[in-house]
Amino acid sequence: MGNLATTYQHIADILSYVSSRGALEKTLSNKDYNWDDIVIEGSKHLVLPAIYCRLKSKRLTHLLPEELHAYLDKITSLNSTRNTEIVSQIHSLSELLKAHNIEHVFLKGAALISSNYYDDIAERMLGDIDILIANDNVDWAFELLKDNGYYPIEQTLGNDFFEHKHLPRLKTDKYICAVELHRKLFVSHKDTDLQSSNILSSKELKNGIYTPSPKHLLLHTILNYQINDKGSLYNSISFRAAYDSIVLYNKASIDMPKDTKIIRKYHNILGLFFGDIPKIYKRTNIITRFYLYKLNHIPFYKFWNRLLKLISFSWVIIGRIPYFISNTEYRSALLNDRKRIFTYISSVLKRT
């Protein structure tokens, strides 16, 4: 493998729990080693703190150029401080919800860092705090947070006319993170295991925080990337999701997810780079070969992803045309919000 594929392999070897430390040390100790590519891609994938923590765990930070060592140490320290504040916010939210008997579990990164799955709290970068709320409690929980210093962030008009998996995001001036209260995990995808009732009925209490079972955490990690983040459409890897997956495989006893096509596709891509993936998923097929081709031919890779993004965006627009024609309120709202919409469409087209 070469080009971007080589960079991806090196990132995977740094993050992996089973890669050869000796081979990695030999690679990284080359005086001409290009650390810039690691920093660029690690930043894109939100895993720079994880890369630094894993290099520390493997006792390889002495191979870092001095300036890069200082830079990674700084951002990792900042992320550690941020995550410590987020854990405090998670405990505050947990106590509030438990005090009012609102059935809930924390999801994704919030669940992972509050359950101590990582060796170092700095490893995981978080955006929002996601919480799954029982269907009959979700509106109550939303109002409860508003009564306790949280306020909705301005939403697009789509939230008023189309189904969403979570309520409008909530912010507070007291804590660092926005909060999303989920009524479900997906809009259109159906997965029996990840129905809200199943997740809530098998929740676990860790460090005073309700979290999904390890199996549900892993399954949500996979399908959130594949479906919500369109990983399956783009046939690509997210190193943040990949690292969450291998941490769960390494730290928890997990029953293997059902071998569905979309799960197999996720593991096959990860298996190109990580030895941590269960052997039953390590397969070379037309999808994995095409992905390696894209990574080795960056101009084509960029063109292909832009084409997919344009097609995906176009289908959303096309799908809403009948609603625009038939629904007077939606048509009026679109026209009133046309300036923002045209600006948004223009920005999407520029990025494709």
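A few notes on this one:
- Count of residues meeting criterion [assigned to a helix (DSSP H, G or I) and either free of Cβ contacts under 8 Å to residues at least 12 places away in the same chain or open to solvent by 80 Å² or more (accessible area, probe 1.4 Å) (or both)] in region 252-272: 1
- For region 202-213, the count of residues that are under 19 Å from LYS98 (Cβ atoms), open to solvent by 40 Å² or more (accessible area, probe 1.4 Å) and hydrophobic (A, V, I, L, M, F, W, C) is at least one.
- A single member of ILE237, ILE227 is open to solvent by 20 Å² or more (accessible area, probe 1.4 Å), touching a residue at least 40 places away in the same chain (Cβ under 8 Å) and among the hydrophobic types (A, V, I, L, M, F, W, C), and it is ILE227.
- Residue match in region 78-86 (condition: under 18 Å from the mean Cα position of the chain (by Cα) and among the hydrophobic types (A, V, I, L, M, F, W, C)): yes
- Residues considered: LEU194, LEU107, LEU93. Of these, the only one that is open to solvent by less than 50 Å² (accessible area, probe 1.4 Å), at pLDDT 95 or above and farther than 30 Å from ARG340 by Cβ is LEU93.
- Residue check for LEU132: under 25 Å from ASP13 (Cβ atoms), of a type in the set (A, V, I, L, M, F, W, C), open to solvent by less than 40 Å² (accessible area, probe 1.4 Å) and touching a Leu at 6+ places or on another chain (Cβ under 9 Å): no
- Just one residue in the set LEU78, LEU55 is without any contact (Cβ under 8 Å) to a residue 60 or more places away in the chain, open to solvent by 60 Å² or more (accessible area, probe 1.4 Å) and among the aliphatic types (A, V, I, L, M); that residue is LEU78.
- Of the numbered criteria (1) modelled with pLDDT under 95; (2) part of a helix (DSSP H, G or I), the one LEU144 fails is (1).
- Evaluation of TYR291 against (1) within 28 Å of ALA111 (Cα to Cα); (2) over 19 Å from the mean Cα position of the chain (by Cα) (one fails), failing number: (1)
- Filtering region 278-301 for residues that are open to solvent by 60 Å² or more (accessible area, probe 1.4 Å) and touching a Ser or Thr at 6+ places or on another chain (Cβ under 8 Å) leaves an empty set.
- In region 81-100 there is no residue matching the filter, namely being under 22 Å from SER213 (Cβ atoms) and in a loop (DSSP other than H, G, I, E, B).
- THR211 being in contact (Cβ under 8 Å) with a residue 12 or more places away in the chain, farther than 26 Å from PHE303 by Cα, among the polar types (S, T, N, Q) and in contact with a strand residue (DSSP E or B) (Cβ under 7 Å, 6 or more places away or on another chain): yes
- Residue ID - most open to solvent (accessible area, probe 1.4 Å), chosen from residues in region 18-43 that are outside any loop (DSSP other than H, G, I, E, B) and farther than 26 Å from PRO278 by Cα: LYS26
- Within region 58-69, tally of residues that are assigned to a helix (DSSP H, G or I) and surrounded by 12 or more Cβ atoms within 10 Å (Cβ to Cβ): 4
- Scan region 3-17 for residues that are in contact with a helix residue (DSSP H, G or I) (Cβ under 6 Å, 6 or more places away or on another chain) and open to solvent by 20 Å² or more (accessible area, probe 1.4 Å) and the total you get is 4.
The values are calculated or read from the model by the stated rules, or taken from the named source; none is laboratory data. Fair warning: this is a prediction, and the values are worked out from it, not measured in the lab. Note that we place each Cβ from the backbone using ideal geometry, even for glycine, and neighbour counts take in every protein chain shown. Surface areas here come from the heavy atoms of the whole protein model, side chains and all, with no ligands, DNA or RNA. Shrake-Rupley method; radii C 1.70, N 1.55, O 1.52, S 1.80 Å.
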